[in-house]
1. Compute the Cα gyration tensor for segment 28-100, then decide on rounded, prolate or oblate, letting a ≥ b ≥ c be the square roots of its eigenvalues: rounded whenever a/c is under 1.5, prolate when a/b is larger than b/c in the other cases, and oblate in all that remain.
2. What number, in nm² with one decimal, is the all-direction average of the projected area of the convex hull of the alpha-carbon atoms of segment 20-174?
3. Could you list log10 I(q)/I(0) for segment 168-303 at q = 0.13 Å⁻¹, which the Debye formula gives when each Cα is one point scatterer?
4. Looking at 231, 205, 217, which one has the Cα that reaches farthest to the positive end of the dipole of segment 190-240 (charges on Cβ: Lys, Arg +1; Asp, Glu -1)?
5. Could you look at the chain and say what percent of its accessible area is carbon and sulfur, using a 1.4 Å probe and all protein chains?
6. Nearest 500 deg cm²/dmol is fine: what mean residue ellipticity at 222 nm does the chain get from its DSSP H runs of n ≥ 4 alone, each adding -39,500 (n - 2.57), divided by its residue count?
7. Relative to the Cα centre, what is the charge dipole magnitude of the chain, using +1 at the beta carbon of each Lys and Arg, -1 at the beta carbon of each Asp and Glu, and rounding to the nearest 20 debye?
8. So what is the relative contact order for the chain, in percent, with contacts set as C-alpha pairs under 8 Å and at least six apart?
Amino acid sequence: MTTLESLSNDISGAISHAAQSVVAVDARRRATSSGVHWREGIVVTADHTVKRDSEISLTLPDGREVPAELAGRDSSIDVAVLRFDGSGFRTADFSAPDNLAVGSLAIAVARSDDEGIAASLGVVSALGGPWRTWQGGRVDRLIRPDLNIYPGFSGGPLIDAKGGVIGMNTAGLSRRTALTLPVATIEKVMAQLLNRGKVTRGYLGVGMQQVRLPDSLREQLKLEGSDAVIVLSVEPGGPAERAGIFIGDVIVSLDDRRIDDVHDVLAFLSDDTAGHSVRASVIRAGGPAEIAIVVGERPAEED
């Protein structure tokens with residue numbers, strides 16, 4: 001057997017192994033998407049492909065079609081979690097994240113209700129640190145595969161050369177390229193969705209914009225950073241208004257964590273800040289002020 005034949009067999013074997021935990025998800029008109037049997041009776045898929053909250057069905061690897069219910073969704077990172085009654089097929093095996101590198105072989109796997117299993121071969125083209133989606137969802141790691149995500153592939157897994165799941169593929173977070181949500185991010189979101197039916201995130205109720213601080217003001221107030229955020233609007237009855245935040249206040253830190261831009265505020269408002277009191281250090285009328293804000297829970301319509 002040649003080296004090329006051996007490689008071909010290994011890739012085919014990895015796809016076959018991963019396919020045993022990949023399902024087709026029928027939750028929209030005309031076309032199915034894919035999903036990963038993450039835990040026993042739990043399927044993870046891409047939220048943007050789940051167009052209805054009921055009458056959802058799954059096509060399993062053995063061809064059976066079973067009903068599923070929506071356990072919860074987080075549109076900010078494009079994850080939906082489904083429950084179903086069924087067993088007898090494999091849950092996903094996961095890849096060790098430390099083994100992933102730029103150039104690593106990567107395979108997108110999908111399943112449709114009529115054509116069965118499909119795959120797309122490529123490499124990991126980029127890796128990075130934590131990032132935020134345009135809707136404010138926090139993703140633990142940037143994983144960008146260089147391969148084709150065909151219609152129906154969103155919600156399916158990206159696997160390594162051994163068939164281990166690296167994460168879930170989605171075309172719903174970028175207009176330019178497909179991205180892969182890492183296992184760690186999905187685990188965190190899934191835990192909240194299964195326990196609460198939603199993801200809870202902190203909320204201040206302000207509109208903000210980055211602003212550069214004058215050198216003279218920085219020196220006067222002994223500030224380390226050169227940037228902060230200025231409050232442009234305050235929601236009536238929101239956490240910030242109740243605490244006494246005004247339009248024109250400049251937020252330089254939250255609980256001593258420096259704020260340089262709006263993304264720093266979003267990063268601070270993680271899922272464990274809602275309901276907690278935080279100390280906002282602000283500049284008001286050219287002088288320093290300390291304001292305690294009880295962080296609210298982001299309204300559902302904001303998610």
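1. oblate
2. 8.4
3. Debye intensities relative to I(0), on a log10 scale: -0.65.
4. Selected residue: 205.
5. Of the solvent-accessible surface of the chain, carbon and sulfur hold 48 percent.
6. Using -39500 (n - 2.57) per qualifying helix, the result is -5000 deg cm²/dmol.
7. 260
8. After rounding, I find 14 percent.
The values are calculated or read from the model by the stated rules, or taken from the named source; none is laboratory data. All of these numbers come straight from a predicted model, not from anything done at the bench. Cβ coordinates were reconstructed from backbone atoms using ideal geometry, including for glycine residues, and neighbour counts include every protein chain displayed. All accessible areas refer to the heavy atoms of the entire protein, side chains included, with ligands and DNA or RNA removed. Shrake-Rupley method; radii C 1.70, N 1.55, O 1.52, S 1.80 Å.
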